[in-house]
Amino acid sequence: MFGNRVEGLALTLPAAVFAAALFLLPVGILLSEAFRTPEGWSLGAYWDFFASPRNRTVFWRSLALAAEVAAASAVIGYAAAYAIVSLPPKSRGRVFGLVILPLMISPVARTYAWLVILGRTGFVNQALVGMGILDTPLRILFSETAVFIGLLQLFLPLMIISLVSAMENMPRDAIPAARVLGANWAQVFLRVILPLTREGLVIGGTLVFTGSLTAYITPAILGGSKVLMLETLLYQRVAVANDFVSASVIAMILIVMSFSANLLLKRMASARRARA
Amino acid sequence: MSEFLSLEDLTLAYGGSVAVDRLNLAIRQGELIALLGPSGCGKTTTMRAIAGLLAPRSGTIRLDGKDITRVAPSRREVGLVFQSYALFPHLSVFENVAFGLRLRKEPDLAARVAEGLATVGLSDFADRAPAALSGGQQQRVALARSLVMNPKVLLLDEPLSNLDARLRLEMRMELQRVQRETGVTMVFVTHDQAEALALADRIVVMRGGAIEQVGTPEQIWTEPASGFVADFVGFETILPDPETGGALAWRPAAVTLGSGPHSGVIRGASFAGAHREYVLDTPLGVVKAETPASAPPLAPGAEVAFDLPRERAVRLASA
């Protein structure tokens, strides 16, 4: 594209300097905080962090919830994506627009809406009590269930978008071809749809998992201090305790988990390919 | 031979629109049937219903004595070669052909796949990816993939339309050979009358979701039952017959140009190698005629006498 490499490098230099000075350097300093002690470099802060049972609970809860949200969104996402690609082109665009619509609404507004829906006098409880299914309203808010529901609603569109585009790239008639060759729906999914959409699943899964792991507003509002997640714990350590070392540890854990999730999903996808 | 595959009062619909309306058709074992018609006539829809990919609104499909109307596609023992071939891009040629056999837990898998690939002349391509094959080779893989399942009926959707002229002839002979060797009952869908005439034992001409005529290629070619079929097989001049109230139809070659009781103006002329084709505007209507290439050419705009000999026309019940 460019006559010489120097010209190209010169053009990227401002952006590179900007990113290095204002992003990489501060992040590096912040993350190194946890390794620096008066006695020199040490992993002690990590040891201390995981020594606390409460922190371990928060760690496993965050990991499990993010994984559960990713898994649930994959199940719902495949069904929704198949339904969408089966529609005639005109209504496909319309339904796809409805899927994207929530992404245009602020997550704060969306999360507050869940307070209205899931609260003691919200309409889920009113309906359940009104129909005589329950005697007293269910306590949904400030539980893992509430955070799960909020995160699922928040990130499901990303999974659906990834899977729809993956399915649109499948050869036309691959599914009916498999059915005529004797495959039931489970076999059609495992032998044809899954292998042909694994890239979309990896992308969608990474987006949903890392999104759920690093979301702050939803666990803060729907989980509160009762259901602490890594992200809300991080905020608490900084804002309440002024404990930047713990915050740095948590930030590092989040980064490592996000990258590992992506690598793991990619590996799962390519292992399937190698076998096929 | 008695009927092997029968469609009884079959009505097929997508949502609110009826694509095929109370269709009745009986096919014998080992027959090669062409469903012929323009796009939108319901031929592909009918084929998908036979394969079980579309549930009929009403009517019955019977195969080999059994009612299969509500049987899942996976248990119908019907093969389908898609127009797009629909090979699985993540599987090798071998695994594509093995797909159905694996699901069936075929004990003799490797041998059966090898046999299937040999039938279509692709033994050396087992380890290739489908994307590395030409269109014609991909289609033969799709054919092998269906054939190894020993289907009772093999359905083919526009099997020749994606191939170039040379491959088309090759594939046509290939299909006839496979049909001869395996004796499988074949139903193929086409919009090309030449293809249907060359391949089929019997042709089912469809129009607007209904059968227009069923017959051997010779019958369809020489005794079209309606103006629609006549037009489809090249009787391009169709005029009402005042004597019978029906209609008469002529091929271009049956029209005498240069002499006769009628006259018309040449609107279009084109050279087609072995002959010249003319379109005439006449008081009777549009007439299409041809002359041997050796005859002197006629210029557009010229007035010319012509005759429509009754003995060279086919009689139709209606135009």
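The values are calculated or read from the model by the stated rules, or taken from the named source; none is laboratory data. Everything numeric here is computed off the predicted structure, so don't read it as measured data. We place every Cβ from the backbone using ideal geometry, glycine too, and count neighbours over all the protein chains shown.
Screening B:Ala49 against (1) among the small types (Gly, Ala, Ser); (2) surrounded by fewer than 20 Cβ atoms within 10 Å (Cβ to Cβ); (3) more than 8 Å from chain A (Cβ to nearest Cβ) leaves a single unmet condition, (2). Of the helices (runs of 4 or more DSSP H) lying entirely inside the stretch B:131-240, those containing at least 3 residues that are under 16 Å from the mean Cα position of the chain (by Cα) and farther than 24 Å from B:Leu87 by Cα are B:193-199, B:217-222, B:227-232. Quick test for you: out of B:Ala34, B:Ala26, pick the one residue that is crowded, with 21+ Cβ neighbours inside 10 Å and either assigned by TED's automatic domain parsing to the domain that holds B:Ala198 or closer than 15 Å to B:Glu8 by Cα (or both). Of B:Ala34, B:Ala26, the one residue that is crowded, with 21+ Cβ neighbours inside 10 Å and either assigned by TED's automatic domain parsing to the domain that holds B:Ala198 or closer than 15 Å to B:Glu8 by Cα (or both) is B:Ala34. Considering only the stretch B:106-116, state which residues are surrounded by fewer than 18 Cβ atoms within 10 Å (Cβ to Cβ) and either within 7 Å of chain A (Cβ to nearest Cβ) or aliphatic (A, V, I, L, M) (or both). Result: B:Leu109, B:Ala110, B:Ala111, B:Ala114. The residues on offer are B:Leu91, B:Leu103, and the sole one that is within 12 Å of chain A (Cβ to nearest Cβ) and touching a Gly at 6+ places or on another chain (Cβ under 6 Å) is B:Leu103.
Across the stretch B:117-130, the qualifying residues are those that are of a type in the set (A, V, I, L, M) and in a loop (DSSP other than H, G, I, E, B), and the one among them that is nearest to the other protein chains (Cβ to nearest Cβ) is B:Ala129.
With the requirement that a residue be in contact with a strand residue (DSSP E or B) (Cβ under 6 Å, 6 or more places away or on another chain) and among the hydroxyl-bearing types (Ser, Thr, Tyr), what does the stretch B:162-187 give you? Matches in the stretch B:162-187: B:Thr185 only. Is it true that B:Ile68 is within 14 Å of chain A (Cβ to nearest Cβ), free of Cβ contacts under 8 Å to residues at least 40 places away in the same chain and either buried (at least 20 other Cβ atoms within 10 Å of the Cβ) or within 20 Å of the chain's Cα centre (by Cα) (or both)? Yes: the conditions hold for B:Ile68. Scanning the stretch A:216-239 for residues that are of a type in the set (Ser, Thr, Tyr) and more than 17 Å from A:Ile140 (Cα to Cα) yields A:Tyr216, A:Thr232, A:Tyr235. Picking from residues in the stretch B:77-105 that are of a type in the set (D, E, K, R) and without any contact (Cβ under 8 Å) to a residue 60 or more places away in the chain, the one that is surrounded by the most Cβ atoms within 10 Å (Cβ to Cβ) is B:Glu95. Restricting attention to the stretch B:257-303, the residues that are on the phi < 0 side of the Ramachandran plot and assigned to a strand (DSSP E or B) add up to 29. Checking each residue of the stretch B:160-174 against the condition of being within 14 Å of chain A (Cβ to nearest Cβ) and closer than 23 Å to B:Ala26 by Cα gives no match.
The number of residues in the stretch B:117-130 that are under 27 Å from the mean Cα position of the chain (by Cα) and surrounded by 16 or more Cβ atoms within 10 Å (Cβ to Cβ) comes to 5.
Scan the stretch B:4-17 residue by residue and report those that are exposed (fewer than 14 other Cβ atoms within 10 Å of the Cβ) and of a type outside the set (Gly, Ala, Ser).
Residues satisfying the conditions are B:Asp9, B:Tyr14.
Can you tell me how many residues in the stretch B:43-74 are of a type in the set (Lys, Arg) and more than 30 Å from B:Asp192 (Cβ to Cβ)? Here the count works out to 2.
Does B:Leu54 satisfy the criteria of being touching a residue at least 24 places away in the same chain (Cβ under 8 Å), surrounded by 15 or more Cβ atoms within 10 Å (Cβ to Cβ) and facing chain A (nearest Cβ under 10 Å)? The answer is yes for B:Leu54.
Examine the stretch B:18-31 for a residue that is closer than 26 Å to B:Val229 by Cα, free of Cβ contacts under 8 Å to residues at least 12 places away in the same chain and not β-branched (Val, Ile, Thr), and state whether such a residue exists. Checking the stretch B:18-31: not a single residue is closer than 26 Å to B:Val229 by Cα, free of Cβ contacts under 8 Å to residues at least 12 places away in the same chain and not β-branched (Val, Ile, Thr). Determine, yes or no, whether B:Leu80 is modelled with pLDDT of 95 or more, within 9 Å of chain A (Cβ to nearest Cβ) and in contact with a Pro (Cβ under 9 Å, 6 or more places away or on another chain). When the stated conditions are applied, B:Leu80 passes them.
Does B:Gly245 satisfy being within 32 Å of the chain's Cα centre (by Cα), within 25 Å of B:Leu197 (Cβ to Cβ) and assigned to a loop (DSSP other than H, G, I, E, B)? No. With the stretch A:157-268 as the region, which helices (runs of 4 or more DSSP H) entirely inside it contain at least 2 residues that are within 14 Å of chain B (Cβ to nearest Cβ)? Counting at least 2 such residues, we get A:174-180, A:185-188, A:194-214.
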